[in-house]
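For reference, the structure is listed below as structure tokens.
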Amino acid sequence: MIETIFKKNQEVIIQELNDLTSNHPIWRSPLFTRLREGSYQHQHLCFLFQQHHHYSNNFTKLLCLAASRMDESKYRAVIIENLYEEAGEEDIDKRHSELMSDFLRTLGIKPNTNIKSYTKLYVEQCIKFLSHCSDIEAAAFLAWGTESIVPRLYGYFINALKAIGMSEDDYRYFSLHIECDDGHHEALMEIALDIYNNSPDETTKLTSYQKMLAAVKKSLDMRLTYFDEIYNHLEQLSVEPIYKSIVEKSSIESKTNLFKISDKSGKDLYQNTNENSNIKFSVQRTSLSPQVIDPRILKISPNSRTESHKHAHESLFYVLSGKGFVDIGGKTSIIEPGSMVYVPRWVLHHTENTSNEVLTILAITDYGLTGKFINNTESSYRENKENLSKTALEA
């Protein structure tokens, strides 16, 4: 076993640790999905970066602890050089934690506020690990488990910030770290590999290798747990206005309480035409603005149909004109003016117009609620996402 593993060259070992990092479940975090989608609003990002600031503010502690675990002075010197950059080099006002504080002020929030217990716990766990681990574990923990993920992670942050209209100057903190953290990763990686290469025998090499793997995994596992806690909080934050309105018995203001089907005040949401599949229809959102209910007008051209699809929101179809049928999970309901049909969540369905006039349906959905959850945006279930209107993408 030992002979097989440690006849691998250093490049193979690096690749295995890189693969452990790049294939870790952290990259499938629903938080990252939201960030990539750009679906978080200003309030969500404020909360996220309040938590991240606490970690950033304590990162120099982690570097100090890692340096303290090194037996070799040259390794300590490398980490102290990293620490020097984090501290702003010759300008203490440009220390990275202060740049992060400036970024928070740009968002309009005060640093060191609203820090959650799970954020404090995550930082405490990092401190505890680096206070008691070996030198090679400390180097691997920071090299692959922390510094190497920065470009990808901060790229997601930048994507989310762009989506709310922030400029490059506003998120300079993250751009700066993407530029410099590759160097930090390489320096710490070289420390870990040097310690490994200086192992006195194959048994010690095996132990060192296993320690590196375990340290990287621990770093990423802890951070995934932390990110999941943030995600869960943000999901609650999304529905909080609805929850508060219900429990506090407060009504919402609406610009209008009346919409006529004949009005032109509705907003185009989506349309699709596919002659090969006989698809031709459009969806319009009414000018009403309820919290949970999202009424829509569906119009299907004569002798045409909608695409087959399913989604998180449930719907009530009330037929205004035309005739046809709704296929719901393989069961067909014949419809005509005055018909009402219920479409449950997550059931594949489509509607077909069998008449020579436009089939017009009032579709009453609860998208105002379900659209606040991950992977339930308009673009998540539409066949031709490029046909979504600006109204749909902003919803």
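Read-outs: derived from the displayed coordinates by stated rules, not from any lab. Bear in mind that the values here come from a model prediction, so they are computed numbers and not experimental data. Every residue, glycine as well, gets a Cβ built from its backbone with ideal geometry; the counts of neighbours run over all protein chains shown.
Side notes on the structure shown:
- Taking a straight line from the alpha carbon of residue 260, these lysines sit under 24 Å away, with near neighbours fewer than eight places off in the same chain left out: 280, 299, 323, 390.
- Where the alpha-carbon atoms of the chain are placed on the principal axes, they occupy 84, 51, 35 Å, in descending order.
- Restriction of the GluC sites (Glu not before Pro) in the stretch 56-128 to DSSP coil positions whose beta-carbon has at most 15 other beta-carbons within 10 angstrom yields 72, 89, 90.
- Dipole orientation for the chain: of the candidates 232, 167, 376, 376 has the Cα lying most toward the positive pole (charges on Cβ; Lys, Arg +1; Asp, Glu -1).
- Computed Kirkwood radius, in angstrom, where 1/r is averaged over Cα pairs of the stretch 287-351: 12.7 Å
- Trypsin sites (Lys or Arg not before Pro) lying in DSSP loop within the stretch 229-261, provided at most 16 other Cβ fall within 10 Å: 249, 255, 260
- Computed over the Cα atoms of the stretch 267-394, the ratio of the radius of gyration to the Kirkwood radius (Rg/Rh) comes to 0.93.
- A dipole drawn for the stretch 37-152 from +1 and -1 charges on Cβ atoms has a positive end, and of 78, 119, 68 the residue lying farthest that way is 119.
- Only Lys, Arg (+1) and Asp, Glu (-1) charged, at Cβ; the chain dipole about Cα centre in debye: 1800 debye
- When the helices of the chain are scored as -39500 (n - 2.57) per DSSP H run of n ≥ 4 and the total is divided over every residue, the value at 222 nm lands at -16500 deg cm²/dmol.
- Among the listed pairs 61/116; 267/331; 128/211, those beyond 22 Å (Cα-Cα): 267/331
- In the stretch 267-394, taking the dipole from charged Cβ atoms about the Cα centre, the farthest positive-side position among 309, 273, 364 is held by 364.
- Residue among 70, 340, 212 with the largest mean-square fluctuation in a Gaussian network model of the chain, springs linking Cα atoms under 10 Å: 340
- Amide H within-cut-off set for residue 280, under 5 Å, with H built and near neighbours excluded: 274, 301, 305
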